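This report concerns only the one structure given below.
The values are calculated or read from the model by the stated rules, or taken from the named source; none is laboratory data. These figures come from a predicted structure and were not determined experimentally. Cβ: placed from backbone, ideal geometry, glycine included. Neighbour counts: every protein chain shown.
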């Protein structure tokens, strides 16, 4: 999954605003416990991926997220003893002991799995739609050398692979048992950051990102920047307001409780609207 510039409002927004948008979706998934709200976030991220032109990345992430969600649901149903409504009695199982699967544990496991799906999709949207180099530039004001070092460290993955092969060839020339992959990886990565730091210092001395970059005019804020930043703020406000005001209460133990369905539906609809509204303006996305 690699970032590629596409003609979409999310790609046209600056990296800080796009990252804040993805982070707001993830935070809402963490603070929302209602299944309607989580389903709304999953739907919003999926549609946002389609509108951003990264539906293949979202679909690939979904192939990983769905089995993980099912695994979480099954494990929670097996290991949780809370809940009043028993739906399956499995008796004594090895390692687990006396096991009764309750409706509450099954539903709560499904909610946890749905939250995991939402978080994975948010991460996939961030990876596919936010320029990593622009994100690193945000930290240049704090420490230019640190940002450049991180950039070079990620670019040195092919160098790391070559070092590992050379170390493996050298170890095979020595008598005794062959080293493990973990040993080779530890030896190859031990000097990677040091090497990247040395290269960053050399580039900085030679003027990379020096006065010419500092004198460059700052990028003006666009309508897409304000749109996605406003959408992120609105989603956070809705998520916090719903949590504080109790508009979407959900309790799994000791028995299922899902009251105020209109309030939960209102919060869910508001989250979807705030997440997708910034995509309505498609001017200047080339």
Original post:
What about residue 69, is it touching a helix residue (DSSP H, G or I) at 6+ places or on another chain (Cβ under 7 Å) and surrounded by 18 or more Cβ atoms within 10 Å (Cβ to Cβ)?
Top reply: yes
**OP:** Determine whether residue 9 is within 30 Å of residue 221 (Cβ to Cβ), touching a residue at least 60 places away in the same chain (Cβ under 8 Å) and crowded, with 18+ Cβ neighbours inside 10 Å.
**Re:** yes
**OP:** Would you please name the residue that is nearest to residue 265 (Cα to Cα), looking only at residues in segment 43-55 that are surrounded by fewer than 22 Cβ atoms within 10 Å (Cβ to Cβ) and modelled with pLDDT of 90 or more?
**Re:** 43
Subject >> Condition met for residue 95 (in contact with a strand residue (DSSP E or B) (Cβ under 9 Å, 6 or more places away or on another chain) and over 30 Å from residue 54 (Cβ atoms)) >> reply: no
Original post:
Is segment 81-90 home to any residue that is exposed (fewer than 13 other Cβ atoms within 10 Å of the Cβ), over 31 Å from the mean Cα position of the chain (by Cα), farther than 18 Å from residue 252 by Cβ and modelled with pLDDT under 85?
Top reply: yes
**OP:** Go through segment 7-49 and give me each residue that's assigned to a loop (DSSP other than H, G, I, E, B) and closer than 15 Å to residue 228 by Cβ.
**Re:** 8, 13, 14
Original post:
Would segment 124-145 turn up any residue that is part of a helix (DSSP H, G or I) and modelled with pLDDT under 60?
Top reply: yes
**OP:** Please tell me if residue 186 is surrounded by fewer than 15 Cβ atoms within 10 Å (Cβ to Cβ), modelled with pLDDT of 80 or more and more than 24 Å from the chain's Cα centre (by Cα).
**Re:** no
